[in-house]
1. For region 48-56, check the following and say yes or no: at least one residue is part of a loop (DSSP other than H, G, I, E, B) and free of Cβ contacts under 8 Å to residues at least 24 places away in the same chain.
2. Residues that are out of contact with any helix residue (DSSP H, G or I) (no Cβ under 8 Å at 6 or more places or on another chain), at least 3 per element: which strands (runs of 3 or more DSSP E) completely within region 128-204 meet that?
3. Only one of 26, 69, 60, 118 is in contact with a helix residue (DSSP H, G or I) (Cβ under 9 Å, 6 or more places away or on another chain) and within 21 Å of residue 149 (Cα to Cα). Can you tell me which?
4. Just checking, how many residues over region 143-176 are at pLDDT 95 or above and out of contact with any strand residue (DSSP E or B) (no Cβ under 9 Å at 6 or more places or on another chain)?
5. In region 139-184, what residues are over 20 Å from residue 128 (Cβ atoms), free of Cβ contacts under 8 Å to residues at least 24 places away in the same chain and surrounded by fewer than 16 Cβ atoms within 10 Å (Cβ to Cβ)?
6. Does region 98-115 contain any residue that is assigned to a loop (DSSP other than H, G, I, E, B), touching a strand residue (DSSP E or B) at 6+ places or on another chain (Cβ under 8 Å), surrounded by 14 or more Cβ atoms within 10 Å (Cβ to Cβ) and free of Cβ contacts under 8 Å to residues at least 40 places away in the same chain?
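The values are calculated or read from the model by the stated rules, or taken from the named source; none is laboratory data. Note that this is a predicted model, so its numbers are computed, not measured. Quick reminder, even Gly has a Cβ in these numbers, built from the backbone with ideal geometry, and neighbours come from all protein chains shown.
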């Protein structure tokens, strides 16, 4: 597998992207740690194994063999590495890193799926703001809500009522997280790479 890593710097956030073609993930076990190898064999599908290996190879290129931990809601973190977020799309994996505030990253292949089901995750106000006939924009909306979900810090979330979007400009949207005890806000930056929508929060999460 070719290791052609692209680094994108936006403000205080660095995003590392690794596209890959189909490969035999078993050929790379010698580049994984013992803990990673144990987890590797818990996956049944070759696609998931490829994503796991590609993510670890990307992580090793950034941080070395420092271990990725997961908190109670499944969010990744690394000791002494700042805040990180991990995402994978179709033959693409990515890691975002921010030393100062929590980061959320999402990669979504641009296709018609989000457009077809937009009413399931966009509320009426959002459907009026965004172009529901646009495959790209609906993919971006879904990616933006996935990014907010990662930042919310809990699992039971209503995407239509508790993860809210509004459009500021084409490359910077506002996202809100409605938690039981607080309403939070952040700026979202969205761009396209490798036929994927790439979304991350480009500002800290603040209470409103």
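1. For region 48-56, residues part of a loop (DSSP other than H, G, I, E, B) and free of Cβ contacts under 8 Å to residues at least 24 places away in the same chain: absent.
2. The qualifying strands (runs of 3 or more DSSP E) are 172-178, 183-193.
3. Within the list 26, 69, 60, 118, the selection yields 118.
4. 2
5. 156, 171, 180, 181
6. Within region 98-115, not a single residue is assigned to a loop (DSSP other than H, G, I, E, B), touching a strand residue (DSSP E or B) at 6+ places or on another chain (Cβ under 8 Å), surrounded by 14 or more Cβ atoms within 10 Å (Cβ to Cβ) and free of Cβ contacts under 8 Å to residues at least 40 places away in the same chain.
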